[in-house]
1. What ranking do 71-80, 13-22 get when scored by the average of other Cβ atoms within 10 Å per residue, highest first?
2. Tell me, what HN-Hα J-couplings in whole Hz come from the Karplus equation 6.51 cos²θ - 1.76 cosθ + 1.60 at θ = phi - 60° for each residue of the stretch 23-36, using x for Gly and Pro?
3. Note the listed values (1) 0.98; (2) 1.47; (3) 1.09, then indicate which one is Cα Rg over 2.2 N^0.38 Å calculated from this particular structure.
4. Label points 7 Å out from Cα along the Cβ direction at Asp76 and Val15: separation in nm?
5. For the chain, what is the relative contact order in percent, using Cα pairs closer than 8 Å and at least 6 residues apart in sequence?
6. Grab the DSSP H runs of the chain that are 4 residues or longer, score each as -39,500 (n - 2.57), total them, divide by all residues and round the 222 nm result to the nearest 500 deg cm²/dmol.
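Computed from the coordinates by the stated procedures, all read-outs in this text should not be read as laboratory data. All values derive from a computational prediction rather than experimental measurement. Positions of Cβ are generated from backbone atoms using ideal geometry, with glycine treated the same way; all protein chains shown enter the neighbour counts.
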Amino acid sequence: MFYSLHFATFVNMDVKLKFGLKIRELRKLKGISQEKLANLAEIDRTYLPTIEKGERNVSIVVIEKLANALGVKIKDLFDE
């Protein structure tokens, strides 16, 4: 029951928040800080926390920078 409720909540979640959570998940799997990822992606260090919280409508350019910095394909940032 919990799994299906959790899954249903994720499915109905805003795309910006889903994207931010995926960035956070991958960043933590790589064991890097927000500041380091921001540096690797060449974005402002204060911008990344707002992305991870789903507060930003991120451009495709920033998406590509984050994918490159995380060492993944762009499509991997949208896998649920």
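1. Highest to lowest by the protection proxy: 13-22, 71-80.
2. Each residue's phi maps through the Karplus curve to give 4, 4, 4, 5, 4, 5, 4, 7, x, 10, 7, 4, 4, 5 Hz.
3. The value matching this structure is (3).
4. Label-label distance for Asp76 and Val15, simple model: 2.2 nm.
5. On the way: 69 pairs, mean separation 27.2, N = 80.
Once divided by the residue count of the chain, the mean separation gives 34 percent.
6. Result for the chain, helices only: -19000 deg cm²/dmol.
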